[in-house]
Each structure stands twice: as C-alpha cells, then as structure tokens.
Amino acid sequence: MRLWDSRDRLRPHRDAEIHRVDLSGVLLAIAEWGATADDFEWFDRPGADRIAVAVSLLERLGGLANGKVTPIGSQMQALPLSPRLARVLIAGHGSFEAAAACAWLSEPAPVDLPAAASS
C-alpha cells in the first residue's frame, strides 16, 4: 500500500516549506519574542524579498509598526489563526459573523455554517 502520491517519488526534491509558505505568522511570532528576522537563527533562511513581503503585510494589517509589535499584533499573535484571519476576527470584535467567516476561510473545502442567532 502506498501512503503518498506516486508522482512524489519522481521529483528529485521539493523546495523547503520555508521557501513556499507565507512567513507573516512566523515573523509576527519572532517580533513578539522581541527579535527580528535578522536576529533569528534560521535553519534555512528565507529570501530577503519574502521577509520584506511578510513584514509589509503585517504593517498593513496593523500588527507591526517600525519593526515592533503593536497591541493589535499581540492580539493577532494570541489567536490560533493566520495573521490575516486573526485581523478579520479582531476587526469584527469576535462576532459570530467574523468567527464564521474565519472558520469558512480557513477550511480547504466549504463547510456548512449555522445561521446567526437573531434576537
């Protein structure tokens, strides 16, 4: 029984995940620890352009300012979500609609969500 896609064996290697994924969550965590990407001892350092893109995103989301974590950034870091979705939940003040949107957007396949309770 094969537990992987047979095509995977034909590839000589894959790019390391650090070179393929969004770095904004990692960089927010590093900043929350009081360090920068330059201070961090990467096993496999991502490119400077990828770091710059992630920092720019965090600044636009309000999570970083001048390389430092903002109060919103601390709230984002405390949530078990990507920075983008954490910002949606924070901006929605934790409402059912914001939480439902985050849940729906975080799933690879559509999920059926219950309707909001009306008062």
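The values are calculated or read from the model by the stated rules, or taken from the named source; none is laboratory data. The structure presented is a predicted model; accordingly, all values stated were derived computationally and were not measured. When we count neighbours, we look across all protein chains shown, and the Cβ atoms used for this are built from the backbone with ideal geometry, even at glycine. The accessibility values were calculated without ligands, DNA or RNA, using every heavy atom of the protein model including side chains. Shrake-Rupley method; radii C 1.70, N 1.55, O 1.52, S 1.80 Å.
What does the net charge come to around residue 20 if you take all other residues with beta carbon closer than 12 Å to its beta carbon, with K and R at +1 and D and E at -1?
On the way: positive: 14, 50; negative: 15, 17, 22, 44.
Residues near residue 20 contribute -2 overall.
Site pair residue 16 and residue 41 shows an inter-label distance of 1.4 nm when each label is modelled 7 Å from Cα along Cα→Cβ.
Relative to the present Cα-Cα distance, how much length would full extension add between residue 96 and residue 68 at 0.36 nm per residue of separation?
Gain on extension, residue 96 to residue 68, equals 7.1 nm.
Order 41, 59, 17, most accessible first, counting only protein heavy atoms with a 1.4 angstrom probe.
Numbers: 41 170, 59 90, 17 115 Å².
Ranked list, largest accessible area first: 41, 17, 59.
The gain in end-to-end length when the residue 53 to residue 103 segment is fully stretched comes to 15.5 nm, 0.36 nm per residue minus the alpha carbon separation.
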